[in-house]
1. Given the conditions (1) surrounded by fewer than 18 Cβ atoms within 10 Å (Cβ to Cβ); (2) under 20 Å from the mean Cα position of the chain (by Cα), which single one is not true for His326?
2. I'm trying to understand the selection: among the residues of the stretch 98-111, which are touching a residue at least 60 places away in the same chain (Cβ under 8 Å) and open to solvent by 80 Å² or more (accessible area, probe 1.4 Å)?
3. Residues of the stretch 213-225 being part of a loop (DSSP other than H, G, I, E, B), open to solvent by less than 10 Å² (accessible area, probe 1.4 Å) and either under 21 Å from Leu285 (Cα atoms) or in contact (Cβ under 8 Å) with a residue 60 or more places away in the chain (or both), which ones?
4. Looking at the stretch 19-35 only, could you name the residues that are without any contact (Cβ under 8 Å) to a residue 60 or more places away in the chain and away from the ligand (no atom under 13 Å from the Cβ)?
5. In the stretch 93-109, which residue that is touching a strand residue (DSSP E or B) at 6+ places or on another chain (Cβ under 9 Å) and in a loop (DSSP other than H, G, I, E, B) is farthest from Gly311 (Cα to Cα)?
Amino acid sequence: MTMTNKNDSLFSRAQKTTPGGVNSPVRAFRSVGGTPRFITRAEGPYFWDAEGQRYIDYIGSWGPAIVGHAHPAVVKAVQEAAARGLSFGAPTEAEILMAEEICRLVPSIEQVRLVSSGTEATMSALRLARGATKRDKIIKFEGCYHGHADSLLVKAGSGLLTFGNPTSAGVPEDFTKHTLVLDYNDPQQLEDAFKAYGTEIACVIVEPVAGNMNLIKATPEFLQTMRRLCTDYGSVLIFDEVMCGFRVGLGGAQALYGIQADITALGKVIGGGLPVAAFGGRADLMQHMAPLGGVYQAGTLSGNPVAVAAGLSTLKLVQEPGFYQHLSAQTTKLVEGLSAAAKAANISFCADSQGGMFGLYFAQEIPGSYASVMASDKEKFNRFFHLMLDAGVYLAPSAFEAGFVSAQHDDAVIAATIEAAKQAFAQLH
Ligand code: HOZ
């Protein structure tokens, strides 16, 4: 008698009614091969699949689970909010608290609008920049992913990179003809682009710590150059901190680099696992938003009371003393332990981290650009991914996604991960 694996049967069933069996492409395991795990529950640093197998989770819902899964304080806040009603389509005081909290924690944000996903946040930020400057052209960088709005889906990272499609089908060229794509971490290209088109450029949008082409940190010079050029030419600087905001530290990448964005897009951590995202920035720019100004944006579930409760309680937890020092220390232990294990096994591998985000690269040097990350050994990553998965460690199923650590990844969890990696590296030759 053959035993049916529950993940396999759920995956077959899912594919009948959902394209590819998943609701977001990277989850399908296409680039690493094999069957995605169907998750039944999660707690702290772990989740469990349909077979009852436990995994140490290094995705953390792609960033939001910074305090660990199902944190009792967050669950309690959600339950209490849900009991008061799920959605009103009318304003609540909790939305004001959320806006006040964001404005306090990210000083470049004077006013903020809540939305439900990172895609909505970046898409709206772009519309605002174009509406406020009355210009059409935008600059983005190869390998940065800013959600799936048409004009941003050009040479993007994340799923597009994972599957090797530079640009999505279904995006008319007319929609992207105003999008200039430059190399990440190349200040000279920025200088040249502004020299050629400066007065036509509505905005520059960037992930200041990129997390959608694996983890790649911007150099200070790169960000300083774009800040200066945007100021000189009256263009809007948009930091897409959906991934790195409240991940690399309190106040996000802009606090880390000491650079103020004009508009910032946030998501993931600020929703604590429920759909909250936001865009905000200089008050004079935000005044262009409807109902005050002519830039339209709206959403039935924007500022949803249950989602905002999850976000507020998560933001409270990350402000506990020592939170980011601990998170950062655990992530550093992880990447140092993995690097040492690879070195001992003579595997060409390196790792990097910032706060609670990390990158693993089957390469000799930590990459600083899209081209260098693409040159890493994808096939070795795929084998490593599966060896780790078999050992109960769930990494992102793509060589081009960042990883995430939660505050619940204690020393024993990190040590178990490094032990699993030692065995995996030994089998990689
Ligand atoms: N775009 C996300 C990773 N960068 C994936 C989201 C998901 O599959 O949940």
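The values are calculated or read from the model by the stated rules, or taken from the named source; none is laboratory data. Everything quoted here is computed from the prediction, not taken from an experiment. Every residue, glycine among them, receives a Cβ derived from its backbone with ideal geometry; neighbour counts consider all protein chains shown. Heads up: the accessible areas ignore ligands, DNA and RNA and are worked out on the full protein's heavy atoms, side chains in. Shrake-Rupley method; radii C 1.70, N 1.55, O 1.52, S 1.80 Å.
1. Only one criterion is unmet by His326, namely (2).
2. Pro107, Glu110
3. Met213, Asn214, Leu215
4. Pro19, Thr35, listed by residue number.
5. It comes out as Ser108.
Table: residues versus (1) touching a Leu at 6+ places or on another chain (Cβ under 8 Å); (2) assigned to a loop (DSSP other than H, G, I, E, B); (3) open to solvent by 80 Å² or more (accessible area, probe 1.4 Å).
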site: Pro36; (1), (2), (3): no, yes, no
site: Glu43; (1), (2), (3): no, no, yes
site: Tyr55; (1), (2), (3): yes, no, no
site: Ala65; (1), (2), (3): no, yes, no
site: Val78; (1), (2), (3): yes, no, no
site: Leu86; (1), (2), (3): no, yes, yes
site: Pro91; (1), (2), (3): no, yes, yes
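This table checks each residue for (1) in contact with a helix residue (DSSP H, G or I) (Cβ under 8 Å, 6 or more places away or on another chain); (2) assigned to a loop (DSSP other than H, G, I, E, B); (3) of a type in the set (A, V, I, L, M, F, W, C); (4) within 16 Å of the ligand (Cβ to nearest atom).
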position	(1), (2), (3), (4)
Asn185	yes, yes, no, no
Gly198	yes, no, no, no
Met243	yes, yes, yes, yes
Ala255	no, no, yes, no
Ala261	yes, yes, yes, no
